[in-house]
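The values are calculated or read from the model by the stated rules, or taken from the named source; none is laboratory data. Every value quoted in this text rests on a predicted model; they were computed, and no experiment measured them. Heads up, the Cβs are rebuilt from the backbone with ideal geometry, glycines too, and the neighbour counts pull from every protein chain shown.
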């Protein structure tokens, strides 16, 4: 593959490879990115995929690549998601996947990106979806480098919750990857939730991602997803939406680390930070709503999308959420509340291979050891502070006493003058007479 340096027009021969993305010109040492259309794993403009013609690459994700394309039969611009062959697996998986996506395509909601078609072309699966002229919430956060306005963020969360309530009520669908990057704002300001075309029903043993693919994004993943449980329900999506809302109002993710396993483990074992500790402008009702949505135990999260939407409305009006996770958990434990029981979905609880559970357990042990070490250091630090305080007090008292005794000490004694042995007097002449007179007096 031949490229020309954009600076000096030097011809560069570069091998086509998925891994090579940058090249350095040997003529002028200028480093530049290889255009997407020249990469081996990217479809070039003009390539035909079924009845679609590729225009350009829009983005790349864990499931595949998204292109802008033209649907030739209708001359319509679409977003074409071409799934990676590593994801689709066997013929049975591909057939089941097509059935599921075609069922999802029946969903029509103002806040859901419409799926036009799911098909297979030369052993490659693709989704043709509505092309949104807009921007993702994730990009807004990264470009502005500041949190969103609280009411604006709550409105976005409400629209996503309404979309998911519709999908759950109609098809019992789980999204499993709600995050700011999948929340789009179109040119009219309307919220669009994307990637619902690869969602899943909770009682379906088939899963396109079950062969080693991560389900969800670690920074927004629910504890049950991180543990690899199969019997998850919509409450996993509520957790992810809560983590997304946390990011929107604080400008930061709840847990951050370069290691994905560490992030997932923190979601499983650590308490959620209060959003107000990061952004004091977050209201107390909003902070309580987020912490409820992100409860580690799903029994303590909202029992339905409708309940969550009601609480978002209350917070938008400046009131506290109605749902109380502690009362809900207590009622569930005593058998007085049957919501969680009705929500349970029959199915296996075996662990996925998407995140090696041994790695999770090792990370849990590492975090436990680190927490114990931090606790030990805190004790040592407190002891040192106490010792330093006592030392300062003792030095102060000693110096104070020294100043007092200096003022109370007796005057110095007069020197004793001894007479020499030769009989001469050490006294001045004018003092000799008086001294000798005193000696002679009886």
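For the stretch 169-204, give me the residue count where each residue is on the phi > 0 side of the Ramachandran plot and modelled with pLDDT of 90 or more.
Here is the first cut: in the stretch 169-204, the residues on the phi > 0 side of the Ramachandran plot are 172, 176, 189, 195.
Checking the rest, the ones that are also modelled with pLDDT of 90 or more come to 189.
Residues in the stretch 169-204 being on the phi > 0 side of the Ramachandran plot and modelled with pLDDT of 90 or more: 1 in total.
Residues that are surrounded by 13 or more Cβ atoms within 10 Å (Cβ to Cβ), assigned by TED's automatic domain parsing to the domain that holds residue 116, part of a loop (DSSP other than H, G, I, E, B) and modelled with pLDDT under 75 do occur in the stretch 45-61, at least one of them. In the condition set (1) buried (at least 21 other Cβ atoms within 10 Å of the Cβ); (2) closer than 17 Å to residue 301 by Cα; (3) at pLDDT 95 or above, residue 165 is compliant with all but (1). Just give me the residues in the stretch 125-166 being touching a strand residue (DSSP E or B) at 6+ places or on another chain (Cβ under 7 Å) and not in a strand (DSSP E or B), in sequence order. Residues satisfying the conditions are 131, 132, 133, 137, 156, 159, 160, 163. Among the residues of the stretch 62-73, write down those that are surrounded by 17 or more Cβ atoms within 10 Å (Cβ to Cβ) and at pLDDT below 90. Once the filter is applied, which keeps residues that are surrounded by 17 or more Cβ atoms within 10 Å (Cβ to Cβ) and at pLDDT below 90, the stretch 62-73 yields 63, 64, 65. Which of the residues spanning the stretch 228-262 are surrounded by 24 or more Cβ atoms within 10 Å (Cβ to Cβ) and without any contact (Cβ under 8 Å) to a residue 40 or more places away in the chain? None - no residue of the stretch 228-262 is surrounded by 24 or more Cβ atoms within 10 Å (Cβ to Cβ) and without any contact (Cβ under 8 Å) to a residue 40 or more places away in the chain, so the list stays empty. Could you tell me whether any residue of the stretch 4-13 is over 25 Å from residue 68 (Cα atoms) and at pLDDT below 75? No: the stretch 4-13 contains no residue that is over 25 Å from residue 68 (Cα atoms) and at pLDDT below 75. Say whether the condition of being touching a helix residue (DSSP H, G or I) at 6+ places or on another chain (Cβ under 6 Å) and farther than 28 Å from residue 152 by Cα is met by at least one residue in the stretch 252-261. Checked against the condition, which is being touching a helix residue (DSSP H, G or I) at 6+ places or on another chain (Cβ under 6 Å) and farther than 28 Å from residue 152 by Cα, the stretch 252-261 yields at least one hit.
Here residue 73 meets each of (1) under 25 Å from residue 218 (Cα atoms); (2) out of contact with any helix residue (DSSP H, G or I) (no Cβ under 7 Å at 6 or more places or on another chain); (3) not assigned by TED's automatic domain parsing to the domain that holds residue 176 with one exception, condition (1).
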